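Inspection log for the structure reproduced underneath, given as structure tokens.
The values are calculated or read from the model by the stated rules, or taken from the named source; none is laboratory data. No experiment lies behind these values; they were computed from the predicted model shown. So basically every Cβ, Gly included, is an ideal-geometry build from the backbone, and we count neighbours across all protein chains shown. All accessible areas refer to the heavy atoms of the entire protein, side chains included, with ligands and DNA or RNA removed. Shrake-Rupley method; radii C 1.70, N 1.55, O 1.52, S 1.80 Å.
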Amino acid sequence: MPVTVVIGSQWGDEGKGKVVDLLSEKIDIVARYQGGANAGHTICFDEKTFVLHLVPSGIFHEGVTCVIGNGVVIDPVALMREVQTIKDLGFSVDGRLLISHNAHLIMPYHKRIEEVRERARDEGAIGTTGRGIGPAYVDKFARTGIRVVDLLDRDVLRKKLTASIEEKNAILRSVYGAEVLDVDAIIDEYVEFDKIIDPFVTDTTQYLCSAIAEGKRVMAEGAQGSLLDVDFGTYPFVTSSHPTAGGCCTGLGIPPTSVDSVIGIVKAYSTRVGNGPFPTELEDETGERLRATGHEFGATTGRPRRCGWLDLVALNYASMINGFTELCITKLDVLSGLDEIRVCVAYRYNGKVSTRFPSEVQTLTNVEPVYESFPGWAEDISSASNLNDLPANAISYLRFVSEYLQVPIETVSTGPKRAQTVTGAARELKADLSRRPAVAP
Ligand code: GDP
Ligand code: IMO
Ligand code: MG
């Protein structure tokens, strides 16, 4: 049975946690393939809300095995805290949580370096989550990183950590004039992880490839979003990994031929946390309304999310890169009560109108969105269980999105809870999808 990839199609926080949790009912394995504890994936059930940062969103289904793949950067302190919370909630992790021996670790010096670098960037700061993600990936590609497997050998760990911390201290002192870190304190803290983490560590690539060969149902859970991809996003206002579909193969060690479906999670409007261009941003009452109604505050950092209209130019670009085979529209309920809903269908730049997404920041900062306007709906849609329970204007909105992107909308989420979901929507939506594939001229 092939692999399904679930991907954020905007700037993150599209509702991946809710959707992955829901889809996990029919899945054997859920695997994270990139990012780290910068992610905040929210899951609501039994009237409770949980935010996962590193553990895959299938963990609340006892029959699901959760894999943290080689492409993830793991903060062992954050991971062990999360594991404890999951256990305290009454869920087992033994034999159900597998961690790649090749995954790289986030160390206190990564967070410190990130902090001083962001401060030095001043106005040009990225607005990172402060979780040490960028510096950890830098060390990985500089081949000076420390991996999970290193935690299991105290002598190796001590040697590698000493070299790494001394180097980072030299940078902190001489480049940033910042306070240095205590080598011995860090070593003492991290050598203790060997026994704690050992039961979870395995060759997850071997495990996943065997599972795929046996016909197990595997879901790869993306973190962040396509427009935060280090190559395809709004660089440098991006994260340091590949949330896009290609990332799942290198981040897990599975062949591209094993992937047969790519689900794009699309919030019914746009949000972004941190800095960087955002053409459809609303810095007015409507933006405030979306933030308040959608509770748009970061699940990891608590920062207010910037809000704006849906951007189909950006989404078409995400669809082109990821090859979405289906879409899940989330937070449609948040649009209820708006008289008018706008959707960006093109950009105007230097007097020309184009549907191409220019990911380079200079251009994207200066584009002017061209909007199409839709009448809103007043009804509360949070208990819709069927597409036809939705008001006609909501259905028209969905059909327009599906036809513009030429991708079927299979799922519509109308609230944070599992039950607040319309499945099998595409059949009833009857969008004209005869113009495939969606590539901007
Ligand atoms: P993720 O990072 O993509 O998993 O998304 P987050 O968890 O950071 O943010 C999504 C937020 O929206 C969470 O608070 C979810 O509980 C909530 N949510 C998810 N789907 C819906 C929906 O359809 N409607 C509403 N109102 N909230 C939703
Ligand atoms: P989930 O998985 C939204 C953003 C940060 C910042 C940029 C770089 O919950 O959707 P980083 O700490 O990764 O170096 O920050 O990326 N960012 C996210 N925004 N959702 C996320 O994750 C994010 N993870 C990182 O705000 O702009
Ligand atoms: Mg999030």
Task: Residue that is within 13 Å of ligand 3 (Cβ to nearest atom) and either over 26 Å from Ile409 (Cα atoms) or in contact with a strand residue (DSSP E or B) (Cβ under 7 Å, 6 or more places away or on another chain) (or both), where the choices are Ala31, Ala37, Ala78 - done: Ala37
Task: Flag if Ala78 is over 15 Å from Phe200 (Cβ atoms) and among the hydrophobic types (A, V, I, L, M, F, W, C) - done: no
Task: Scope segment 14-42; condition among the hydroxyl-bearing types (Ser, Thr, Tyr) and either away from ligand 2 (no atom under 12 Å from the Cβ) or open to solvent by less than 10 Å² (accessible area, probe 1.4 Å) (or both); matching residues - done: Ser24, Tyr33
- [ ] Could you figure out which of (1) more than 13 Å from ligand 1 (Cβ to nearest atom); (2) in a helix (DSSP H, G or I) isn't true of Asp21?
- [x] (1)
Open item on the list: Scan segment 118-138 and tell me whether some residue there is among the aliphatic types (A, V, I, L, M), within 16 Å of ligand 1 (Cβ to nearest atom) and within 23 Å of Ser241 (Cα to Cα).
Closed with: yes
- [ ] Those residues that are assigned to a loop (DSSP other than H, G, I, E, B), modelled with pLDDT of 95 or more and either touching a helix residue (DSSP H, G or I) at 6+ places or on another chain (Cβ under 9 Å) or more than 16 Å from ligand 3 (Cβ to nearest atom) (or both), I need them from segment 1-18; list them, please.
- [x] Ser9, Gln10, Trp11, Gly12
Open item on the list: Anything in segment 273-301 that is within 16 Å of ligand 3 (Cβ to nearest atom) and outside any helix (DSSP H, G or I)? List them, or say none.
Closed with: Val273, Gly274, Gly294, His295, Glu296, Phe297, Gly298, Ala299, Thr300, Thr301
Task: Where a residue in segment 212-224 is more than 9 Å from ligand 1 (Cβ to nearest atom) and its partner, wherever it lies, is of a type in the set (Asp, Glu), with Cβ under 9 Å and at least six apart - done: Lys216/Asp28; Arg217/Asp28; Val218/Asp28; Met219/Asp28
TODO: Grab the helices (runs of 4 or more DSSP H) fully contained in segment 182-272, keeping just those with 2 or more residues being among the aliphatic types (A, V, I, L, M) and open to solvent by 20 Å² or more (accessible area, probe 1.4 Å).
DONE: 183-190, 204-213
TODO: Can you work out which of the residues in segment 274-293 that are touching a residue at least 24 places away in the same chain (Cβ under 8 Å) and in contact with a strand residue (DSSP E or B) (Cβ under 7 Å, 6 or more places away or on another chain) is most open to solvent (accessible area, probe 1.4 Å)?
DONE: Glu281
